[in-house]
Structures are given as C-alpha cells and as structure tokens.
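Let me begin by presenting the structure, written as structure tokens, before commenting on it.
The values are calculated or read from the model by the stated rules, or taken from the named source; none is laboratory data. These numbers were taken from a predicted model, which means no experiment stands behind them. With ideal geometry, Cβ positions are generated from the backbone for all residues, glycine too; neighbour counts draw on all protein chains shown. Ligands, DNA and RNA are stripped out before the accessible areas are found, and what is left, the full protein with its side chains, is counted by its heavy atoms. Shrake-Rupley method; radii C 1.70, N 1.55, O 1.52, S 1.80 Å.
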Amino acid sequence: ILALIAFICIETIMACSPCEGLYFFEFVSCSAFVVTGVLLIMFSLNLHMRIPQINWNLTDLVNTGLSAFLFFIASIVLAALNHRAGAEIAAVIFGFLATAAYAVNTFLAVQKWRVSVRQQSTNDYIRARTESRDVDSRPEIQRLDT
C-alpha cells in the first residue's frame, strides 16, 4: 500500500527540471508494488505450492531486501533533488515509510528462511539415515560384501 501511495504521489508531479531522481523513484515504487502484489496474490491463493522447484522463502527475502534497499536510495535521491513541492515531499515520506516496512519484512523473511534451511538440512539428514538403514537391510547387498 505504501509503495502504491508513493507511486501515486510521484505521478501527480507535472514538471521537473532534473527528472532522473523522479523517474528512478517512479520506477522503484511501481516495480516494488507490482512484484510484491504478484507475490501476495500467489501466496494468498496458495499458487506457490504448485511450483515446488522455486524456493519461495528465498524469493520473498530477495524481493523485500531489494525493495527496501532501492526505496531507501530512491527516497534519498528524491529528497536531495526535490523542489519543495507537496507531492514530492509526500512521495519522499511514503518512500521512507515503505523502506521501513520492507526492512521489517526483510528481517522477518530472513528468520523464516533460516528456519526453512534448518528444517531442510534436518530432513536431508533423516532421509540419509533412513536410506543407509535400507541399504544395510537388503540381502543382495550383503551377499556382495561377503
């Protein structure tokens, strides 16, 4: 929501003299909103369960981390280059709020990713132990050893 509001604020600006900062902020806010929205829909409808080949926890972590970083840079650039217009000031404020929201989400995504990595390594260990027990109990393999 904060990315959408920041995007709307930046779109209301009619004139700019150095427009690069404004265009970068526009790109970051729109991209963050679209990518986060797509991931939100996929997670809400459990569509991510149909594609188990993708590590969705890592995907969410990369999205939130990159969005937080880019929003931070774009907000600083826009704050440095703004012309004290109300829409620019509002966009900068919502940009920093979006940065904070994405940073908190990044922290939570790191914790979730660490838990999933630990569970995966535990599952791999259990699977390896189970497979090694299965190998020992096969008579044809025991015959080869003798």
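Scanning region 1-32 for residues that are more than 13 Å from residue 91 (Cβ to Cβ) and not in a helix (DSSP H, G or I) gives 1, 14, 15, 17, 18, 19. Pairs only if they're at least six apart or on different chains, beta carbon under 8 angstrom, first in region 26-49 and within 18 Å of residue 11 (Cβ to Cβ), second among the aromatic types (Phe, Trp, Tyr) and surrounded by 13 or more Cβ atoms within 10 Å (Cβ to Cβ); list them, first residue then second. These pairs meet every condition: 26/7; 28/71; 29/7; 29/71; 30/7; 32/71; 32/102; 33/7. Please verify whether residue 64 is touching a Ser or Thr at 6+ places or on another chain (Cβ under 7 Å), farther than 29 Å from residue 119 by Cβ, modelled with pLDDT of 90 or more and not in a loop (DSSP other than H, G, I, E, B), treating the condition exactly as stated. No; evaluated as a whole, the condition is false for this residue.
Quick test for you: out of 105, 57, pick the one residue that is at pLDDT below 90, open to solvent by 30 Å² or more (accessible area, probe 1.4 Å), in contact with a Ser or Thr (Cβ under 9 Å, 6 or more places away or on another chain) and part of a helix (DSSP H, G or I).
On the way: 105 fails: at pLDDT below 90.
Only one candidate qualifies: 57.
Taking the condition of being of a type in the set (A, V, I, L, M, F, W, C) and open to solvent by less than 50 Å² (accessible area, probe 1.4 Å), how many residues in region 78-99 meet it?
Keep residues of region 78-99 that are of a type in the set (A, V, I, L, M, F, W, C), which gives 78-81, 85, 87, 89-94, 96-98.
From what's left, open to solvent by less than 50 Å² (accessible area, probe 1.4 Å): 78-79, 85, 87, 90-92, 98.
Count: 8.
Considering only region 7-30, I want to know if a residue exists there that is within 18 Å of residue 106 (Cα to Cα) and either surrounded by fewer than 16 Cβ atoms within 10 Å (Cβ to Cβ) or hydrophobic (A, V, I, L, M, F, W, C) (or both). So far as region 7-30 goes, yes, one or more of its residues are within 18 Å of residue 106 (Cα to Cα) and either surrounded by fewer than 16 Cβ atoms within 10 Å (Cβ to Cβ) or hydrophobic (A, V, I, L, M, F, W, C) (or both).
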